[in-house]
Amino acid sequence: MDGELLTGGGLNQVFRVGDAVRRPAGPWAPRVHELLRHLAPLGIAPVPLALDDDHELLSYLPGDVGHVFPSDDASLVESALMLRRLHDATLDLADVRDGWQFDAREPVEVVLHGDFAPYNTTYRDGLPVGIFDFDSAHPGPRWWDVSWAIIQFVLGLPDDRKRRIELFCDAYGYAYEDEHVLMRLEDMIRTIREHPAFVKQRAEHHDDYYLGLIEYVQANRA
């Protein structure tokens, strides 16, 4: 396919074509495009440009993808604030239950991103400015995204975890619960072991990494 092959956290090949991104489209793409149009005023998500049976065309988010975990406090706080803005902007769509890749997760509060992590975030000058790859979006409770963000933005670094968890949660406005983080980790392990698309992750034993994080959380329960 013509264009520059982009790398991120997704399972699909994504190409940049000028100021747009062309990527495979799943059956859930029409619903995701509705969500992205709803989020457009925030300026932090791609804007849908076109959609056919096989591919979608989205606006390109300039910046650096966070392949490594941002370690400074300012970046962490801004990540939490960006997730909060995203969630708050979806309240009007939370009751739309059909058309997503995943079933609604109770209790529904917002539309979740589903995979809010550095590898799905763009940065400029060290701060997050955009979030992409909304394929996993679906209605659910805020803690589902917040807990995954804690895993990806905080637990991915070995140092200063407790203080950074508190910093992220305070910025978002969330009362940390280690049980939620454990549930999210267990779900990821099941996905790696059972989902047909996670062949590489199974072969590379990514589940062992998340098992190690479970041991850490259990050993440091609040």
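A short reminder: the numbers here are calculations on the coordinates, not readings from a lab. This is a predicted model, so every value here is computed, not measured. A quick note on method: Cβ atoms are made from the backbone with ideal geometry, for glycine too, and the neighbour counts reach across all protein chains shown.
Residues with beta-carbon under 14 Å from that of Pro196, excluding Pro196: net charge, scoring Lys, Arg +1 and Asp, Glu -1?
+3
Mind pulling the per residue volume of the convex hull built on the Cα atoms of the range 93-222? Å³ is fine.
129 Å³
Could you calculate the contour length gain from Gln101 to Lys162, that is, 0.36 nm times the residue separation minus the distance between their Cα atoms, to one decimal place in nm?
That works out to 18.6 nm of additional length.
Dividing the convex hull volume of the Cα atoms of the chain by its residue count, what figure in Å³ per residue is obtained?
Looking at the chain, the number lands at 123 Å³ per residue.
If each residue's Cβ is checked for other Cβ atoms within 10 Å, how do Asp145, Asp170 rank with the fewest at the top?
By the 10 Å Cβ count, ascending: Asp170, Asp145.
Expected output is a single nm value to one decimal: the length gained when fully extending between His195 and Glu215, i.e. 0.36 nm times separation in residues minus the C-alpha distance. What is it?
Value of the extension gain: 4.9 nm.
Quick one: net charge of Ala175's neighbours, Cβ under 13 Å, K/R +1, D/E -1?
Here the count lands on -4.
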